[in-house]
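Here's the structure, in structure tokens; my notes come after.
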Amino acid sequence: MTSLASLFHAERIKWKRNWATVAAILCPASLVGFLFLIFWNSEIQASKLGPGFQVWYQVVYSAWNLIFMPITVALVCLLSWEQEEAAGAWKHLLLQPVPRRFHYLAKCMSHAALMLMAQLVLFLLVLLTSLLISKYLLYLDMGPPKRLLFTGLGVTSFLASLPLLGLHTWLSTRIRGVGSNLTLALVGSLLTVLLASLGMSMRWSPWALSGAGVRVAFGAEAGAVGLLASACGLAILLVLLGAFDFSRREEQR
């Protein structure tokens, strides 16, 4: 455990000069900024959707969980691995007397921490923009702030991102290029939405679990415990498979 902690500490040091950190901040910020401008200029139309706080939370977190979160996870994982390749670091790191799976697990922990940072950025920006909307868009019926719902959305959103983290941390060691990884993230999201619209159960899909996080928080889908179990179970399985694959490879990338 001491070796794993040391490796994770080394990963945290890399955040200061890593594009993955930039992606973890800019992706949620760009989403909230874009939707805020649309909401701000929607005039009276937004008031027809329901209480302002609830509508704003639902719009932002639905867009985040279904589209932007998979993209952010794909970028964070890919850019993190690409940094190691560009610096030629693996030749030195893998000579250390530390099992390869520890290097992989440290990467998983680093990616999870970066996504937690992204979730916190999203949470704070949604909170700030909701206060601005309630203060300046007086024609909107904002209703009560619904703090419990807001907190639940943040928690379920992060939990639902864990299977995607497990998947992309693994696949980013196998698939090169930003285009390929982003295509996988988008196709996975769109295909999941399509199959779910046909009535197919998609709880085994990492992308479906990310969408289920919003529905569970809003009460549109029962089973918060089931979501937690499915997300954690699938994430653990993908991390174990990735660590096994990583440890058996002779040469990285």
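The values are calculated or read from the model by the stated rules, or taken from the named source; none is laboratory data. All values derive from a computational prediction rather than experimental measurement. Glycine also receives a Cβ, built like all others from the backbone with ideal geometry; neighbour counts cover every protein chain displayed. Calculation scope for accessible area: heavy atoms of the full protein, side chains included, ligands and nucleic acids excluded. Shrake-Rupley method; radii C 1.70, N 1.55, O 1.52, S 1.80 Å.
Figure the gain on full extension for Arg147 and Met117 (residue separation times 0.36 nm, minus the Cα-Cα span) and round it to one decimal in nm.
Values: separation 30, 0.36 × 30 = 10.80 nm, distance 2.00 nm.
Additional length available on full extension: 8.8 nm.
Say R0 is 30 Å: what FRET efficiency, to the nearest 0.05, do Leu128 and Asp245 get from their beta-carbon distance? Before the final figure, lay out each step's value.
Values: r = 41 Å, r/R0 = 1.38.
Once the sixth-power term is evaluated, E becomes 0.15.
Which net charge results for the neighbourhood of Asn18, defined as the other residues with beta-carbon distances under 15 angstrom from its beta-carbon, given Lys and Arg at +1 and Asp and Glu at -1? Walk me through the intermediate numbers first.
Working: positive: Arg12, Lys14, Lys16, Arg17, Lys107; negative: Glu11, Glu82, Glu84, Glu85.
Value of the local net charge: +1.
How much length is gained on full extension from Ser180 to Val225, taking 0.36 nm per residue of separation minus their Cα-Cα distance?
Working: separation 45, 0.36 × 45 = 16.20 nm, distance 3.36 nm.
So the extension gain works out to 12.8 nm.
Give a residue-ordered list of calculated ³J(HN,Hα) values for region 67-78 (Karplus: 6.51 cos²θ - 1.76 cosθ + 1.60, θ = phi - 60°; whole Hz; x for Gly, Pro).
Values per residue, Gly and Pro as x: 10, 6, 5, x, 5, 5, 4, 4, 5, 4, 5, 5 Hz.
For region 15-23, in order, what is each residue's ³J(HN,Hα) by Karplus, 6.51 cos²θ - 1.76 cosθ + 1.60 with θ = phi - 60°, in whole Hz (x at glycine and Pro)?
After applying 6.51 cos²θ - 1.76 cosθ + 1.60, I find 4, 5, 10, 10, 5, 4, 5, 4, 5 Hz.
Just how much of Leu137 is accessible, in Å², when a 1.4 Å probe is used and the result is rounded to the nearest 10?
So the heavy atoms of Leu137 present about 10 Å² to solvent.
In the neighborhood of His168, defined by Cβ-to-Cβ distances under 14 Å, what is the net charge if each Lys or Arg adds +1 and each Asp or Glu adds -1? Walk me through the numbers before you get to the answer.
On the way: positive: Lys107, Arg174, Arg176; negative: Glu82, Asp245.
Local net charge: +1.
Report the full-extension gain for the segment Leu237 to Lys16: residue separation times 0.36 nm, less the Cα-Cα distance, to one decimal in nm.
76.5 nm
Across region 125-132, in residue order, what do the Karplus-derived ³J(HN,Hα) couplings come to in whole Hz, using 6.51 cos²θ - 1.76 cosθ + 1.60 with θ = phi - 60° and x for Gly and Pro?
With the stated coefficients, region 125-132 comes to 5, 5, 4, 5, 5, 5, 5, 5 Hz.
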